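To keep things clear, I will list the structure first and then write my remarks on it.
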Amino acid sequence: MRMVDLLTKKRDNQELTPAELDWLIQAYVAGDVPDYQMSAWLMATYFTGMTAAEQSALAMAMLHSGDVLDLSDIPGIKVDKHSTGGVGDKVSLPLAPLVASLGVPVPMISGRGLGHTGGTLDKLESIPGFRVDLSEAEFRAQVKEIHQAIVSASGDLAPADRKLYALRDVTGTVESIPLIASSIMSKKLASGTNALVFDVKVGNGAFMQTQAQASKLAQALLAISQAAGVRAVALLTGMDQPLGITIGNSLEVAEAIAILHNRGPQDVRQLTIAEAAHMLVLGGKTNSLEVATGMAEDALRDGRAWRAFKQLVAAQGGDVRVLDAPQTLPKAAYQIPVRAKSAGVVTAIDTRALGVAVMQLGGGRAKQGDALDHAVGLVMHKKLGTPVAVGDTLATLHANQPDPAAQVAQVAAAFTIGATAPTPQPLIRQVLRQD
Ligand code: URA
């Protein structure tokens, strides 16, 4: 095969065969296809899109560029979840132990934060000693023993995605639904899970800004899962404001702890329970979403989920004493209120701008490999539809510099205060299933 033939075929909007896509990926990973040809192919794909068959074939080719874990020796239906990324989304932290505490194994391979979005691994690393780089043997043993592990993808899982993602990042080809779907699925399928819950975020803090786009991505994820024999459900959930009241690694761990104590913000709790319920159904614990919801609520109420979280942290080397004293998590030196200059009600929140402000304080990464400050972040005091008086605190910045003027201004500008409260939108906009 010659790359130039595949390029002209794609340019002319013809469908590539699974064999052609497989060759393309293997040749790229081997270094036989140079970046300039792959860039042209990515751009052609960005403009012409992909058929469902191409999407699945691409995901499979990327999956098989590296190791695929086989967890079949671990009893039970293994269920993982994937969020497409948002601001303040700490749901994985209470979710994995909650589901594990009810007997469904959760082999969770998570990511780090990039740009305005946070990452589960960074949040967990706020807990002193917590290790996310378990070996494959450790990962397996832990899922077998305590039904859960939250780890980073090893260098051997889906290497094609790492190389392709870096190229997409610098060629303006990240925002392509088939490329996003195959990127996500190549990593998720490599974890050896049997079923998946997708949380596809929609809104101004998400990759997908409209429900139509989010629904298209959800359908692509469901179709690729189905082709791979993995059962899946996708929830489209709102990201027009941060989830919960905290953004930033330590602050989000403290909020996750509150959820595990059956407290915490209502939206985080609702999404944690809803995702858990779908995972319990996929994991074969019951056929009824209602029964599964009750099981999840019970496990939060009676402390089983909390105890499972402590087990998870202990198993991965984290200091469990911090969990009982969240005030000892890394704490920023300065708490700076951001005050309202006008009165009314919060009509819009630029969620991405809040995520960027936290990143600029040191809580996230502008580029892969940047160091993080786990202590910094932001606490929301006003959310959409909340009344505001002049001088009220809209949010508090947690910073390790005394006067982060640019971020204070950015956070203040992220709140739109108007006369009429916006129509409340449900947090869970839609649930999509496989055929
Ligand atoms: N997340 C991924 O894993 N891949 C993408 O392409 C976009 C978001």
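Miscellaneous remarks
- In segment 68-90, residue modelled with the lowest pLDDT [restricted to those that are within 16 Å of the ligand (Cβ to nearest atom) and among the β-branched types (Val, Ile, Thr)]: Thr84
- The residue that is nearest to Ala27 (Cα to Cα), among those in segment 156-178 that are within 17 Å of the chain's Cα centre (by Cα) and either buried (at least 24 other Cβ atoms within 10 Å of the Cβ) or within 8 Å of the ligand (Cβ to nearest atom) (or both), is Asp161.
- Test for Lys201: is it in the same structural domain as Gly284 (by TED's automatic domain parsing), surrounded by fewer than 24 Cβ atoms within 10 Å (Cβ to Cβ) and in contact with an Asp or Glu (Cβ under 8 Å, 6 or more places away or on another chain): no
- Taken as a whole, the structure leaves Leu235 outside the set of residues that are closer than 30 Å to Ala332 by Cα, more than 16 Å from the ligand (Cβ to nearest atom), assigned by TED's automatic domain parsing to the domain that holds Leu280 and not in a loop (DSSP other than H, G, I, E, B).
- Every condition in (1) away from the ligand (no atom under 15 Å from the Cβ); (2) of a type in the set (D, E, K, R); (3) assigned to a loop (DSSP other than H, G, I, E, B) holds for Glu54 except the one numbered (3).
- Failed item in (1) of a type in the set (Gly, Ala, Ser); (2) within 11 Å of the ligand (Cβ to nearest atom); (3) modelled with pLDDT under 95, with Ala181 passing the rest: (3)
- Scanning segment 70-111 for residues that are crowded, with 20+ Cβ neighbours inside 10 Å, under 9 Å from the mean Cα position of the chain (by Cα) and over 15 Å from Ala274 (Cα atoms) returns Thr84, Gly85, Gly86, Ser110.
- Qualifying residue in segment 116-133 (condition: within 30 Å of Thr48 (Cα to Cα) and either among the polar types (S, T, N, Q) or buried (at least 20 other Cβ atoms within 10 Å of the Cβ) (or both)): yes
- Enumeration of residues in segment 206-224 that are within 21 Å of Gly118 (Cβ to Cβ) and either free of Cβ contacts under 8 Å to residues at least 12 places away in the same chain or part of a loop (DSSP other than H, G, I, E, B) (or both): Ala206, Phe207, Gln209
- Among (1) part of a strand (DSSP E or B); (2) modelled with pLDDT under 90, the one test that Arg162 misses: (1)
- Every condition in (1) within 14 Å of the ligand (Cβ to nearest atom); (2) surrounded by 21 or more Cβ atoms within 10 Å (Cβ to Cβ); (3) in the same structural domain as Val230 (by TED's automatic domain parsing) holds for His147 except the one numbered (1).
- Subset of segment 95-127 (residues that are in a helix (DSSP H, G or I) and either assigned by TED's automatic domain parsing to the domain that holds Val411 or within 16 Å of the ligand (Cβ to nearest atom) (or both)): Thr120, Leu121, Asp122
- Among the candidates Ala314, Ala299, Ala332, residue that is under 23 Å from Ile146 (Cβ atoms), at pLDDT 95 or above and crowded, with 22+ Cβ neighbours inside 10 Å: Ala299
- Any hit, segment 368-376, residues being part of a loop (DSSP other than H, G, I, E, B), at pLDDT below 95, surrounded by 15 or more Cβ atoms within 10 Å (Cβ to Cβ) and not small (Gly, Ala, Ser): yes
- Residue count, segment 236-285 (criterion: acidic (Asp, Glu) and surrounded by 24 or more Cβ atoms within 10 Å (Cβ to Cβ)): 3
- Residue satisfying condition, being on the phi > 0 side of the Ramachandran plot and of a type outside the set (Lys, Arg), within set His116, His147, His82: His147
- Conditions (1) touching a Pro at 6+ places or on another chain (Cβ under 8 Å); (2) assigned to a helix (DSSP H, G or I); number of the one not met by Gly76: (2)
- Candidate set: segment 191-232, residues that are within 17 Å of Leu21 (Cβ to Cβ) and among the small types (Gly, Ala, Ser); chosen: the one nearest to the ligand (Cβ to nearest atom): Ala220
The values are calculated or read from the model by the stated rules, or taken from the named source; none is laboratory data. All of these numbers come straight from a predicted model, not from anything done at the bench. Here the Cβ is made from the backbone with ideal geometry for all residues, glycine too, and neighbour counts use every protein chain on show.
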